[in-house]
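Student: Below you'll find the structure I mean.
We did not get these values from a lab; they are worked out from the coordinates using the rules stated. All values derive from a computational prediction rather than experimental measurement. We place every Cβ from the backbone using ideal geometry, glycine too, and count neighbours over all the protein chains shown.
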Amino acid sequence: MLKLPMRNALLAFGIAALGALSAPASAAEHGAAVESRDWSFNGPFGTYDRAELQRGYQVYKEVCSACHSLNRIAFRNLSDAGGPGFTELEVRALAASYQIPAEPNERGETTDAEGRPLMREALPSDYFPSRFPNDNAARASNNGALPPDLSLITKARDGGSDYIYALLTGYGHEVPAGVTVNPGQYYNPYFLGGLLAMPQPLFANQVTYADGTEASIEQMAHDVTAFLTWTAEPKMEERKSLGFAVILFLIAFSGLCFLSYRKLWHGEH
Amino acid sequence: MSGPSTYVPKSGFARWMDTRLPIMRLAHDTVITFPTPRNLNIWYTFGGILAFCLGVQIITGIVLAMHYTPHTAMAFDSVEHIMRDVNYGWLIRYVHANGASMFFLAVYIHMFRGLYYGSYKDPREMIWILGVILYVLMMATAFLGYTLPWGQMSFWAATVITNLFSAIPFVGEAIVNLLWGGFSVDNPTLQRFFSLHYLLPFVIAGVVILHIWALHVPGNNNPLGIDVKGPQDTLPFHPYYTVKDLFYLSLFLILFAAFVFYAPNYLGHSINYIEADPLVTPPHIVPEWYFLPFYAILRSIPDKLMGVVALFGSMLTLFFVPWLDTGKVRSARFRPTYRIFFWLFVFDCFVLGYAGSQPVDGVLFNTPISLLLVARIATLYFFLHFWVIMPLVGLFETPKPLPDSIAKPVLQAAE
Ligand code: HEM
């Protein structure tokens, strides 16, 4: 967190927010309208589709993780109830395929004789490692733009999962007249302002799905969005099923209360 | 109405206690035998619902505080830790976050109920004033709480609102620095906000006790707005109103649960799932829905100081309502003119709320009418309602004839 005293900026900002007469919002302040999709997790009874989440995980791992971290997810979460449903054995193997910085060894060293950082295989209890050691390193390899952590992304954008899907499939549109695309920028009408620093991330057949599903751009975008919806709201299935029981109980309880209320008040009104 | 106590201690221990700390007598007289008008309707169940909401916020809040870390570097992560790793942490947090909205929904219904049935009039002025104090404390508590998850909206709402105080002449700057604990919204701000957010609900609980105490001196008002004439007009609070309140509370809980389990983030703002960043200003800074009418009043005035004066003026106005309403009849059922203005005022609050939710330079539903103009008219009307319409209507209106008593079937067609 930056601790610059930004007093004047804040004051000016406060006045602008209050002073009712700030500059008109340009149309570019809103991205293009997104279409609602028919997700398996929509509605009060919607659940995640395990196969979809597993494929989505593959897309994240093979494509998005080149730039984006997933800090809030530990490997063990992949076998949690209500998630992608990997087995614990699979998770162990999957974690072991990642190398992460090791804890200091018994001599207190964190690097080997050649000065390279000591590494170890990840365990299920470890969190997904980031590709970059820090935000500035991530910026440096992305034209100055920070690829946001994806753990909460579907909850952190208006339009949620529909928006993420639209964004991922929203490349290749003709750039409207009057919009200048500078080097390192890409046009995507769904992004706020239309220009972002993420190049088109998905191309047909970029991954090979183990279950034989055809890896079209739409399919991969759909799968990875579903996966990211789970990472943002991992307790959704538990929430909906508990909610069902709670509401059923409350309806029954209200019914009982109503009957006692009517009986008690009979003739008293 | 609080009348002589009818409590009879039944056991030896109860008799012993009764002559030392008559707490069971107090409980008995307050929630068992308390004589309550027999004609209270659904709108009178919200007081109980509010007490329940306060209890829910305190209990869930205490549990959240066990896992939450009030530090700018860790607050956001600790909330996500609650959501992901704490057993039923997601439930506790969603109940607390939506509980605040439910609390405000209930308090607004409760307040409009008071305005409709004239519950603030002689001899109930103190109940009303304590109620307004509770409302202001709730707003402060909710504002402080919203800062705690340290998301983008948390940070920027805290920035905008604390900056308001800098408009106060001479001492403004000093007040803002005191609120911030420094020169910008930062870690000291978060820590003092957490401390105060933990404190205020208990202050609220204390004022609730005064509010109920004040209520139990004259007793409840009722939809007819006429005084209780004798025992035939009342029923003991228990079981009649305990059961009735429980029924409506249960219905209210269905709505509450629908939000918590099926739309837990519907009333929130997506950008509050982005960690606070003092260098990135969000395009629209919007408060929670329950603050929107006041936000519209604030923004409708171009001058910062006057905007703040209008904002605080609108809240202060509520304290004077018992004396601004000059009508002698309480219930709007018998006040044909006041009733029309009551509904216009409700409408005005919705207009303000809508205007507050839109960008300042917005227009009214695709028409060329500027929302700023709409907000200004609605703000003006807000003050007119209380300071001009209320006193005048009371003086000039001819109320309908009042029924003789609550118990007697009402012969006059009341509504
Ligand atoms: C008058 C009653 C209360 C109201 C209206 C209220 C309101 C709020 C609100 C609006 C939030 C932000 C929720 C979010 O967006 O995440 C919040 C957070 C919080 N509140 Fe309260 N609260 C109340 C009582 C309490 C009490 C009594 C405690 C502790 C003893 C407490 C502890 C917390 C904590 C630790 C958080 C941060 C965790 C979180 O953001 O979920 N609250 N409160």
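Student: Using only atoms on other chains, find how many Cβ atoms lie within 10 Å of each Cβ of peptide B:241-252 and report the average. Write down the numbers at each step before the final one.
Tutor: Working: counts 0, 1, 8, 6, 2, 7, 10, 4, 3, 10, 6, 2.
That works out to 5 on average.
Student: Note down the Stokes-Einstein diffusion coefficient of segment B:42-287 in µm²/s, whole number, using a Kirkwood radius over alpha carbon pairs, 37 °C, and 0.692 mPa s.
Tutor: Numbers: Rh = 19.9 Å.
Using the Kirkwood radius from Cα pairs, D works out to 165 µm²/s.
Student: Modelled label-to-label distance, residue B:319 and residue A:119, 7 Å Cα→beta-carbon offset: nm?
Tutor: 6.7 nm
Student: In addition: Would segment A:41-160 count as rounded, prolate or oblate if I go by the C-alpha gyration tensor, calling it rounded below 1.5 in a/c and otherwise prolate when a/b exceeds b/c, oblate otherwise? Don't skip to the answer; put the middle values down first.
Tutor: On the way: a/c = 2.77, a/b = 1.42, b/c = 1.95.
Cα axes put segment A:41-160 in the oblate bin.
Student: Taking the Cα atoms of segment B:311-415, what is the range of coordinates along each of the three principal axes, in descending order and whole Å?
Tutor: 55, 28, 23
Student: What is the fewest-to-most order of B:53, A:67, B:349 by other Cβ atoms lying within 10 Å of their Cβ? Walk me through the intermediate numbers first.
Tutor: Numbers: B:53 24, A:67 21, B:349 18.
Least crowded to most crowded, the residues run B:349, A:67, B:53.
Student: Give me the distance in nm between label points sitting 7 Å out from Cα along the Cα-to-Cβ direction at residue B:31 and residue B:87, one decimal.
Tutor: Label-label distance for residue B:31 and residue B:87, simple model: 2.8 nm.
Student: Based on the alpha carbon coordinates of segment B:146-219, what radius of gyration and maximum Cα-Cα distance (Dmax) apply, in Å?
Tutor: Radius of gyration, then largest Cα-Cα span, for segment B:146-219: 16.4, 50 Å.
Student: Still on this structure, please answer the following. Is the C-alpha gyration tensor of segment B:133-180 telling us rounded, prolate or oblate? Criteria: a/c under 1.5 is rounded; beyond that, a/b larger than b/c is prolate, otherwise oblate. Don't skip to the answer; put the middle values down first.
Tutor: Values: a/c = 2.60, a/b = 1.30, b/c = 1.99.
The shape class here is oblate.
Student: Another one. Estimate the FRET efficiency between residue A:218 and residue A:66 by the formula 1/(1 + (r/R0)^6), using the beta-carbon distance for r and 22 Å for R0, to the nearest 0.05. Intermediate results must be reported in sequence, preceding the final value.
Tutor: On the way: r = 21 Å, r/R0 = 0.94.
My answer for the efficiency is 0.60.
Student: Taking 1 over the mean of 1/r across every pair of different Cα atoms in segment B:283-347, what Kirkwood radius in Å do you get?
Tutor: Values: mean 1/r = 0.0706 Å⁻¹.
When all Cα pairs of segment B:283-347 are included, the Kirkwood radius is 14.2 Å.
Student: Would you please calculate the Kirkwood hydrodynamic radius of chain B over all C-alpha pairs and express it in Å, rounded to one decimal? Write out the running numbers ahead of the final one.
Tutor: On the way: mean 1/r = 0.0424 Å⁻¹.
Evaluated over chain B, this radius sits at 23.6 Å.
Student: Run the simple label-point estimate for residue B:171 and residue B:306 please: 7 Å along Cα→C-beta, distance reported in nm.
Tutor: Simple spin-label model gives 2.5 nm for this pair.
Student: Further, regarding this structure: Mind running the shape call on segment B:166-271? Use the C-alpha gyration tensor, a ≥ b ≥ c as the square roots of the eigenvalues: rounded below 1.5 for a/c, prolate if a/b tops b/c, oblate otherwise. Provide the component values of the computation, followed by the final result.
Tutor: Values: a/c = 3.24, a/b = 1.72, b/c = 1.89.
The shape class here is oblate.
Student: Stretched out fully, how many nm does the piece from residue B:229 to residue B:405 gain, at 0.36 nm a residue minus the Cα gap? Before the final figure, lay out each step's value.
Tutor: Working: separation 176, 0.36 × 176 = 63.36 nm, distance 0.67 nm.
Gain in length upon complete extension: 62.7 nm.
Student: Now, a different point. Mind jotting down the three principal axis lengths of the protein assembly as shown based on Cα atoms? Whole angstrom, largest first.
Tutor: 93, 63, 50
Student: Among B:10, B:244, rank each residue by its count of other Cβ atoms within 10 Å, from fewest to most, as a rough exposure measure. Let's see the in-between values first.
Tutor: Values: B:10 9, B:244 25.
In order of increasing Cβ crowding within 10 Å: B:10, B:244.
Student: By count of other Cβ within 10 Å, fewest leading, how are B:69, A:231 ordered?
Tutor: Details: B:69 18, A:231 26.
Going from sparsest to densest Cβ surroundings: B:69, A:231.
Student: Which whole-Hz couplings ³J(HN,Hα) result when phi for each residue of segment B:122-133 is put into the Karplus expression 6.51 cos²θ - 1.76 cosθ + 1.60, θ = phi - 60°, listed in order with x for Gly and Pro?
Tutor: So the J values, rounded to whole Hz, are 2, x, 10, 4, 5, 4, 5, 4, 4, x, 5, 4.
Student: If you take the Cα atoms of chain A, find Rg, then find the Kirkwood Rh from the mean of 1/r over all pairs, what is Rg/Rh? It would help to have the intermediate numbers written out before the result.
Tutor: On the way: Rg = 24.5 Å, Rh = 22.5 Å.
Rg/Rh for chain A comes to 1.09.
Student: Oh, and also: Identify which of B:351, B:329, B:171 has the largest mean-square fluctuation in a Gaussian network model of chain B, with springs joining Cα atoms closer than 10 Å.
Tutor: B:171
Student: Please report, in cubic angstrom per residue, the volume enclosed by the convex hull of the alpha-carbon atoms of segment A:102-181. Spell out each step's value before the answer.
Tutor: Numbers: hull volume 14.5 nm³, N = 80.
It comes to 182 Å³ per residue, whole-number rounded.
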